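Below: one structure, written as structure tokens.
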């Protein structure tokens, strides 16, 4: 197996695993103390994302794969944290503030993940373009879900990550719809086109599912 094939397959597998992540067990979370309703986990994730943004990974395949896995882990952790907080927080106001933090941090992580995926798959231009396109669509949907749930109001905290997504999307030619037009269906269509492009990479290549 070539280094390119290995990077493609691992990157694709991680992306699929994240996309198929199931919500946390709400029943188990009910035993968590009320004091668990806080932003500690989110703050830790945000700090890690900021550090990754400031300090890019090394150039080797191993370093890139390690960074990709670390970012994927942050995204999974934030998804699980949202489920936990939804169960243990007693007020909508508490949940709303924490969910906004989660959405912004998760979207930022997707942007960084796309950057690393492009470098991992540089030997196949189609994949180097397709993977970040998929992840930018994920990032945009995460923000759109939060914004649309709040009647279209865009939190000021989203400003920086929105500009990051827009700049990266312009680089890969991804047209970002208005918030109200951003849906799971739109994201799935972007993913479908990207997977078809990835399938054109030299064999063995990941098979879209």
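Read the figures in this text as sums done on the coordinates, not as results from a lab. On a predicted model such as this, the values are computed, not experimentally measured, just so you know. Methodologically, a virtual Cβ is constructed for each residue, glycine included, from the backbone with ideal geometry; neighbour enumeration extends over all protein chains shown.
Round to the nearest 0.05 the FRET efficiency obtained for residue 185 and residue 51 when R0 = 45 Å and r is the Cβ-Cβ distance.
Working: r = 35 Å, r/R0 = 0.77.
After rounding, the FRET efficiency stands at 0.85.
Quick one: if you take sqrt(5λ) for each eigenvalue of the C-alpha gyration tensor of the range 58-209, what semi-axes come out, biggest first, whole angstrom?
Over the Cα atoms of the range 58-209, the semi-axes work out to 29, 18, 14 Å.
For an R0 of 25 angstrom, estimate the FRET efficiency from the Cβ-Cβ distance between residue 159 and residue 96 and round to the nearest 0.05. Numbers along the way, then the final one.
On the way: r = 18 Å, r/R0 = 0.72.
That gives a FRET efficiency of 0.90.
Full-extension gain between residue 44 and residue 148, please, as 0.36 nm times their residue separation minus the C-alpha to C-alpha distance.
Going from the current span to full extension adds 34.8 nm.
Per residue, how big is the convex hull of the range 72-120 when only Cα atoms are used? Give it in Å³. Walk me through the numbers before you get to the answer.
Numbers: hull volume 2.2 nm³, N = 49.
Measuring per residue, one finds 46 Å³ for the Cα hull of the range 72-120.
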